[in-house]
Amino acid sequence: MSMRALRASARREIRFLRNSPWDLALATWIPCLLMIVMAWLFSSAVPRELPIAVVDLDQSTTSRDVVRHLQASPGLTVAAQPESLQSAFSLARALQVYGVVLIPGGTERDIQRTGSASMVSYFNASYQVAGQAVARDVDAAVQAVSEKLAITEVALSRGPANVRAAPISVQSTVLFNPGRSYEHFLLGLLFPAILHMAMCVAMVGAFGRELRDASIRHWLRDSDDRLVPAILGKTVPYFLLFTVYGVLGLLWLIALNGQGVAGGFIWLVLGQALMYLAYAAIALLFVAVSRNMVSALSMAGLYAGTSLAFSGATFPLQGAPWFTRLWSDLLPYTAYLKLQKQQLDMGSTLTVSIWPLATMLLFVLVAGIVGVWLLGYAARDPAAWGRR
Amino acid sequence: MRAIATDRVAMLSLVGALVLYSFFYPAAYQHQVARDLPLVVVNLDHSSMSRELIRKLDAVQAIHLVGIVESMPAARGVVEAGEAEAVLSIPAGFERDILRGVQGQLALFGNGAVLGRASIAMQGAALAITAFGQEVALQQAQFMGIPASPPLRLIERPLFNTVEGYGSSIVPGVAALIVQQSLLIGVAVMAATRRERYGKLRLSRPGFFGIASAFSMIGMISLLYFSGLIFWFQDYPRAGNLSGLLLAGALFISSVVAFALFCGSFFRTRERAFQLITITSLPLFFLSNLSWPVEATPDILVYAAQLLPSTAGINAVVKLNQMGARLPEVFSELVKLAVLTIFYGSLALWRYRPGPAKHGSYIENRDIETVTMVSDED
């Protein structure tokens, strides 16, 4: 390996970036800005005070108690109390509320007579995060009222013997993210998502540019005609920049969490570095296969641009068709998220985490070797140059 | 129109990518409702009742029982190895407690490192436990009398997206975003190509409106293709308010085209658009507040996001197509889209203003489709 050629190629790339403010932006302030905007967006961590409407057709002491409990729940705010279910649904369609609670007429009377009454909780399933949060909090508030009623009403009217707890109780606990913080969860996905996409399109630009402008011979001549050091040299500036952003993102997550790293920080850094290298190798492969910068960028958009959806992190892949599961396994991002979950949140042993690390290394090697081989052909074939 | 049709790049991004994405993207969520989430049980009771509960768990669709271990640390190890998303712990004395009429205590743990998955697994387990609880209540009743049912029962009903599918909640919003992003790419490629070839953007008024209407037509067709054909193919909730969707769609597309013409005017190279669009799509989606509630978003970001057609557009399309909203219920989105169209439209007109010297010759070319745009191709 010729370090001289590598350094020369890296210097050439840095010189280019200095003179091309938009290419520089793509590798510097644009990904950083996007990360900051996302960190800001989720800064409230857990949605609070989500608006609901209550249709109280009972207008009794009990129904007013339910409304008070709903209002007191930190996750909810009773934004409206319309007269009819129809007008409440209209508010839901206008997105002014995410849920509607219906207290039917005769609720209090039914409790006093038969010991039990039903209420309905409607929630917006199109806006899932808000809708499900509302449904959960409405359920908790109504249960609290129910328990209170069980002691007062039922015990008074039907005798304490009838007050017996349900035969089974379940205590639910969330491990590794006790606050159920969406901020920690979503930023943990979005930081590496934004960065690997930016890395991939920046690298496609860096390699593709040499073919588009037919400057590939110049580039190689500047690097002593040594292909591998030339390619590595070109990658180095981006690789260092993005690894630094990735580590800053990790530090932000750790600072938010306030619990430190469950596993080894060094493995997370190594994982970040391997992920960016893998996407650089894949970018090289796309350029070398298509020999056309726009086609390579389209491939990168389809491949890296959709990786969050296919990673299985937001929606599980168990039960998914084979194509979806296969595609998910073909993304270095999926492997990195596995590693991040294990080392940042859960503190898994290294014997477990060695697999995602090895997967990413495999991507680097396979895509890298095929990419180098094909780019070598393209470099000798003038017909591959200047295509747009 | 012909210029777009003959430019391979513009064609590829506008039509090819759109069709590709329309099948590719929903594939990630095709199974709609999650099932078979791995769960591990810590059974410290070894009673017939605990075994019965485990059988119940295994029968629930949401859950796949991966194993039964003897201690909590062992179960934690299974979760850390990524082989389970949730743990159910059955303590010693579970059956004895229940037969005595004391509450049997269970503990359910979800992996919070992956919030969505954990809650699905936990909901599935809770479902099985409730069913089991009802049977146990009957057994208890044989010797202790019928327990009181809770004074208030809550019936939960999902609205609009009634199967509560994940794909049907995400993809319609993403579809609107894909239409916007591919129009942005198409327009930016067109504008950058003009700049590369002629060094300037100047367009006659008819030329400007010709290009705008050509792109609007493509945009409208793609939006309808998604909202009709693809949502039908994937069986998503759709066509809640078709005439409203057409109106909002037209306003959305016109605002996107105006926005794209304005933004596109700053591009000097064809390839730049692809790079920027790829990395900004994800943040734009989250800024639209479809999956992160607007109430939890900092005010400044809420206002800034209004400058993007996708914000009002995604919400209007989802509300009309999926939630069946009536026009007054999307009024604010429609106004925002109209304002954005005028705002970016006038900025774009100014960016592409014809130079005074060339103005005369452009006016003669009445047939914009053939003259102004075919000149792109030489």
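Only the coordinates and a few stated rules stand behind these numbers; no lab work does. Computed from a predicted structure; not experimentally measured. Quick reminder, even Gly has a Cβ in these numbers, built from the backbone with ideal geometry, and neighbours come from all protein chains shown.
Which value results when the Cα radius of gyration for chain A is divided by 2.2 N^0.38 Å? Can you show the working numbers first?
Values: Rg = 28.5 Å, N = 388, 2.2 N^0.38 = 21.2 Å.
Computed over Cα atoms of chain A, the ratio equals 1.35.
Counting Cβ atoms of other protein chains within 10 Å of each residue's Cβ and taking the mean over peptide A:316-326 gives 6.
Using only side-chain charges placed at the Cβ, +1 for Lys and Arg and -1 for Asp and Glu, the dipole size of the protein assembly as shown relative to its Cα centre rounds to 2380 debye.
Once you charge only the Cβ atoms, +1 for Lys and Arg and -1 for Asp and Glu, what is the size of the charge dipole of region B:37-144 about its Cα centre, to the nearest 20 debye? Intermediate values should be presented prior to the final figure.
Details: 7 positive and 10 negative charges, 28 e Å.
My answer is approximately 140 debye.
Around the amide H of residue B:104, modelled in the peptide plane, lie the amide H atoms of A:168, A:169, all under 5 Å away and 5 or more residues distant in sequence or on another chain. Projected label points at residue A:14 and residue A:255, each 7 Å from Cα along the beta carbon direction, are separated by 2.7 nanometres. Computed as a quarter of the hull surface, the mean projected area of the alpha carbon convex hull for the protein assembly as shown stands at 34.5 nm².
Count the DSSP beta bridges whose two residues both fall in region A:50-162, then state the antiparallel fraction as a percent rounded to the nearest 5. Can you show the working numbers first?
Values: 4 of 13 bridges.
Counting only bridges with both partners in region A:50-162, antiparallel ones make up about 30 percent.
Considering only A:181, A:118, A:223, the mean-square fluctuation computed in a Gaussian network model of chain A, springs between alpha carbons under 10 angstrom, is largest for A:118.
Each listed q (0.17 Å⁻¹) maps to a log10 I(q)/I(0) for region A:176-293 from the Debye sum over equal C-alpha point scatterers, namely -0.84. Taking A:182, A:276, A:122 in turn, the Gaussian network model of chain A (Cα-Cα springs below 10 Å) assigns the largest fluctuation to A:122. According to the Cα-based calculation, Rg over Rh for region A:55-100 is 0.97, with Rh computed by the Kirkwood formula.
Between the residues A:364, A:149, A:260, the greatest Cα displacement towards the positive end of the dipole of chain A, with unit charges on the Cβ of Lys, Arg, Asp and Glu, is found for A:364.
Over the residues of the protein assembly as shown, the helix contribution to mean residue ellipticity at 222 nm works out to -20000 deg cm²/dmol, using -39500 (n - 2.57) for each DSSP H run of at least 4. Among the chymotrypsin sites (Phe, Trp or Tyr not before Pro) in region B:245-311, those placed in a DSSP loop whose Cβ has at most 15 other Cβ atoms within 10 Å are B:266. For region B:276-287, 3J(HN,Hα) computed residue by residue from phi via the Karplus equation (6.51, -1.76, 1.60; θ = phi - 60°) reads 5, 5, 4, 7, 8, 4, 4, x, 4, 5, 5, 5 Hz, glycine and proline entered as x.
For chain A, modelled as a Gaussian network with Cα springs under 10 Å, which listed residue fluctuates most, A:206, A:92, A:273? Per the Cα network of chain A with a 10 Å cutoff, A:92 tops the list. Peptide B:57-63 has a mean shielding of 1, counted as Cβ atoms of other protein chains within 10 Å of each residue's Cβ.
Divide the volume of the convex hull around the Cα atoms of region A:50-162 by the residue count and you get 87 Å³ per residue.
The magnitude of the dipole of region A:50-162, with charges of +1 and -1 set on the Cβ of Lys/Arg and Asp/Glu and taken from the Cα centre, is near 40 debye. The 3J(HN,Hα) values that the Karplus relation (6.51, -1.76, 1.60; θ = phi - 60°) gives for region B:15-22 are, in residue order, 9, x, 4, 4, 5, 4, 4, 5 Hz. Gly and Pro appear as x. When all alpha carbon pairs of region B:37-144 are counted in 10 Å bins from zero, the resulting P(r) reads 15, 49, 28, 7, 1 %.
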